[in-house]
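Chemist: Okay, handing you the structure first.
The values are calculated or read from the model by the stated rules, or taken from the named source; none is laboratory data. This structure is a prediction, so every number in the text was calculated from the model and none was measured. All Cβ positions, even for glycine, are placed from backbone atoms using ideal geometry, and neighbour counts span all protein chains on display.
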Amino acid sequence: MNQLIISAATEGAAAANPLVPNLWEMGVVLAGFAVLFFIVVKFVVPMFEKTFAERAEAIEGGIAKAEKAQAEASAALEEYKQQLTDARAEANRIREEARAEGAQILAELKEKAAAESARITAQAHAQIESERQAAVVSLRSEVGTLATTLAGRIVGETLEDDARAARVVDRFLADLETQNAGVAK
Amino acid sequence: MHLPAILPWGAADGFSKQMLLVILSVVIIATFFLLAARKQQLVPGKLQFAGEAAYGFVRNSIAKDIIGGRDFIKYVPLLFSLFFFILVNNIYGAIPVIQLPSFSHVGGAYVLAAIVYVTWIGIGIKKNGLRYFKLATVPSGVPVYILPIVIPIEIISNFLVRPVTHSLRLFATMLAGHLIVMIAGSGIEYLVMQENVLLKGTSVLVLAGAIAMYMLEALIMALQAYVFTLLTAIYIEGALHADSH
C-alpha cells in the first residue's frame, strides 16, 4: 500500500492533479448512467407509479364506497323515521275516526232506540186504546146481555126483542152514568 | 492519482476498478428495483415495500417537496436515477475489500453535474424561451444602479460556479473520505510494523480514530447522494419557476 501511494505521488504532476478527469472513466459513467436512466424511465418508474395510482384509487374507492354506504344508511334511517311519523299520524287519524264513528254509532243507536221506544210506546198506547175500546164494546154488549138476561130472569119476562132490550139497556146505562156522575159530585 | 488499471494490469489508462464498480452499480440498482417492482401488489411484500420506500423517498421527499405542482413526476426518473447511482457508488467506499467510492475520481462527478447542468438550462429555455437568461440573471425588485454589480454576480454564481461546486462537492468529499480512511490504514500498517512496542501500541489509537472516521464517511456518503439530488431538484425548480423568483 505504501509503495502504491509513493508510486502515485512520484508520477508526473499532471497525473497527480485530482481535478483532471480520466476520459475513459467519464465515458463509463456516462454510459452506465444512461443505461440506468433508461431502465428507470422505461420500467421502474412506470411500475411504481402504476402501483401508487392503483393503491390511491383503491383507498379512495374504499372511502367513496363507505361514504355511499353511510349516505344510504342515513337515507334509510330518514325514511324509517318518516314512515314511523306517518304511521303514528295514521294511527292517530284512525283512532280519531274510530272515536268519531263510535260516537256517531252511539248517537244513532240512541236515536234509534229512542225512536223504537217511542214507536213501541205509541203502539202500546194504540193497542191499549183499541183493546180498551174493544173491551168497552164487548163489555157494553155483554153487560147489556147479562143485565138483560138477569133482569129478564128477575122480571120473569124474556126480553127477546133486541130493540126493546137495547133501549132498556141504554136507559139503564144512562141512569147508571147519571148516578155515577151524581156520586162523583 | 489514479489507481492502476485492471485491464491491462497496472497500466495508467485502462479499464480501472472504478469503471468496473460503476457498471456493477448499474446492475445492482436495476436488478434490485426491477425485482422490487416486478410483482406489484396493492399490499406489498417485504422486497416491494423496501423498493417502494426507496422510490417514495426520492419521489415525495425530494421531487414532490422541492419541485411540487403537477410537473414534478416528469423529473422523478432523473432524480431517482441520480440518487441511487450516487448512493451505491458512494457506499462502495464503506464496503470492505471494495473500499473505493467511484466518485473519488472526478470524471464521474463532472459527467453527472454536466447532465444536470444541461437539463436545468434546457428546462429553463423550454419554459421561458431565451428570456430565461434574463430571468435567471436579472433579479426583480433590485434598484437599477445596483444591477451592474448584481448581474455579473448572478451570471457567475448561476452559470459558472454552480456546476463546478455541484460536481466538486461530491468528488471532494468522496476523495477526502477515501484518503482519510486509506491514510489511516497505511498509518496503522506502518505503526504495527515498528520494532518499538510502545510505538506499535499507538496503532490502536489510530485504529479507533479510523473507525470513527469510517462511520462519519459512511454518513457523508449517503448524505452527499441526498445533497446532490436535492440540489438537482432545486436547480430544476428554479428553472421551471424562473419568472416567479
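Chemist: B:ILE66 passes all but one of (1) in contact (Cβ under 8 Å) with a residue 24 or more places away in the chain; (2) of a type outside the set (Asp, Glu); (3) closer than 26 Å to B:MET19 by Cα; which number fails?
Modeler: Among (1) in contact (Cβ under 8 Å) with a residue 24 or more places away in the chain; (2) of a type outside the set (Asp, Glu); (3) closer than 26 Å to B:MET19 by Cα, the lone unmet condition for B:ILE66 is (3).
Chemist: Among the residues of region A:20-69, which ones are in contact with a Leu (Cβ under 9 Å, 6 or more places away or on another chain), more than 18 Å from B:HIS105 (Cβ to Cβ) and surrounded by 15 or more Cβ atoms within 10 Å (Cβ to Cβ)?
Modeler: Selection gives A:PHE37, A:ILE39, A:VAL40, A:VAL41, A:PHE43, A:VAL44, A:MET47, A:THR51, A:ARG55.
Chemist: Restricting attention to region B:81-93, does a residue exist that is more than 14 Å from chain A (Cβ to nearest Cβ) and free of Cβ contacts under 8 Å to residues at least 12 places away in the same chain?
Modeler: For region B:81-93, residues more than 14 Å from chain A (Cβ to nearest Cβ) and free of Cβ contacts under 8 Å to residues at least 12 places away in the same chain: absent.
Chemist: Only residues that are of a type outside the set (Gly, Ala, Ser), more than 7 Å from chain B (Cβ to nearest Cβ) and closer than 19 Å to B:PRO77 by Cβ: list them for region A:50-64, please.
Modeler: A:PHE52 - this is the single residue of region A:50-64 that is of a type outside the set (Gly, Ala, Ser), more than 7 Å from chain B (Cβ to nearest Cβ) and closer than 19 Å to B:PRO77 by Cβ.
Chemist: Which condition number does B:TYR75 fail, the rest of (1) farther than 28 Å from A:GLY27 by Cβ; (2) within 11 Å of chain A (Cβ to nearest Cβ) being met?
Modeler: Against the list (1) farther than 28 Å from A:GLY27 by Cβ; (2) within 11 Å of chain A (Cβ to nearest Cβ), B:TYR75 comes up short only on (1).
Chemist: So which of B:VAL26, B:VAL76 is part of a helix (DSSP H, G or I), touching a Lys or Arg at 6+ places or on another chain (Cβ under 6 Å) and modelled with pLDDT of 85 or more?
Modeler: B:VAL76
Chemist: Quick check on region B:180-224: of everything there that is closer than 30 Å to B:ARG169 by Cβ and of a type in the set (Val, Ile, Thr), which residue is surrounded by the fewest Cβ atoms within 10 Å (Cβ to Cβ)?
Modeler: Here the residue is B:ILE211.
Chemist: Are there any pairs, at least 6 apart or on different chains, whose C-beta atoms fall under 8 Å, with the first in region B:43-60 and more than 11 Å from chain A (Cβ to nearest Cβ) and the second loosely packed, with under 14 Cβ neighbours inside 10 Å and in a helix (DSSP H, G or I), and if so, which?
Modeler: B:LEU47/B:LEU35
Chemist: Could you tell me which of the residues B:VAL138, B:VAL142 is β-branched (Val, Ile, Thr), within 30 Å of the chain's Cα centre (by Cα) and over 27 Å from B:TYR226 (Cα atoms)?
Modeler: Step by step, each of B:VAL138, B:VAL142 is checked, and only B:VAL138 is β-branched (Val, Ile, Thr), within 30 Å of the chain's Cα centre (by Cα) and over 27 Å from B:TYR226 (Cα atoms).
Chemist: Moving on. Name the single residue that is nearest to A:PRO18 (Cα to Cα) among those in region B:88-115 being hydrophobic (A, V, I, L, M, F, W, C), touching a Phe, Trp or Tyr at 6+ places or on another chain (Cβ under 8 Å) and part of a helix (DSSP H, G or I).
Modeler: That would be B:VAL106.
Chemist: Of all residues in region B:139-172 being within 14 Å of chain A (Cβ to nearest Cβ) and among the β-branched types (Val, Ile, Thr), which is nearest to B:ILE234 (Cα to Cα)?
Modeler: B:THR165
Chemist: Going residue by residue through region B:228-238, is there one that turns out to be within 25 Å of B:GLY129 (Cβ to Cβ), in a helix (DSSP H, G or I) and among the small types (Gly, Ala, Ser)?
Modeler: Scanning region B:228-238 turns up at least one residue that is within 25 Å of B:GLY129 (Cβ to Cβ), in a helix (DSSP H, G or I) and among the small types (Gly, Ala, Ser).
Chemist: Related question: Just to be sure, is B:VAL43 on the phi > 0 side of the Ramachandran plot, out of contact with any strand residue (DSSP E or B) (no Cβ under 6 Å at 6 or more places or on another chain), surrounded by fewer than 24 Cβ atoms within 10 Å (Cβ to Cβ) and aliphatic (A, V, I, L, M)?
Modeler: Here the answer is no, as B:VAL43 does not meet what is asked.
Chemist: Taking region A:122-149 on its own, how many of its residues are of a type in the set (Asp, Glu) and within 16 Å of A:VAL168 (Cα to Cα)?
Modeler: Matching residues across region A:122-149 total 1.
Chemist: Continuing with this model, one more query. Against the conditions (1) away from chain A (no Cβ under 13 Å); (2) assigned to a helix (DSSP H, G or I), where does B:ILE188 fall short? Just the number, please.
Modeler: Answer for B:ILE188: the failing condition is (1).
Chemist: Oh, and also: Would you tally the residues in region A:19-48 being part of a helix (DSSP H, G or I) and either more than 7 Å from chain B (Cβ to nearest Cβ) or closer than 20 Å to B:SER104 by Cα (or both)?
Modeler: 15
Chemist: Do we find that B:TYR117 is buried (at least 23 other Cβ atoms within 10 Å of the Cβ), touching a residue at least 24 places away in the same chain (Cβ under 8 Å) and not polar (S, T, N, Q) in this structure?
Modeler: When the stated conditions are applied, B:TYR117 does not pass them.
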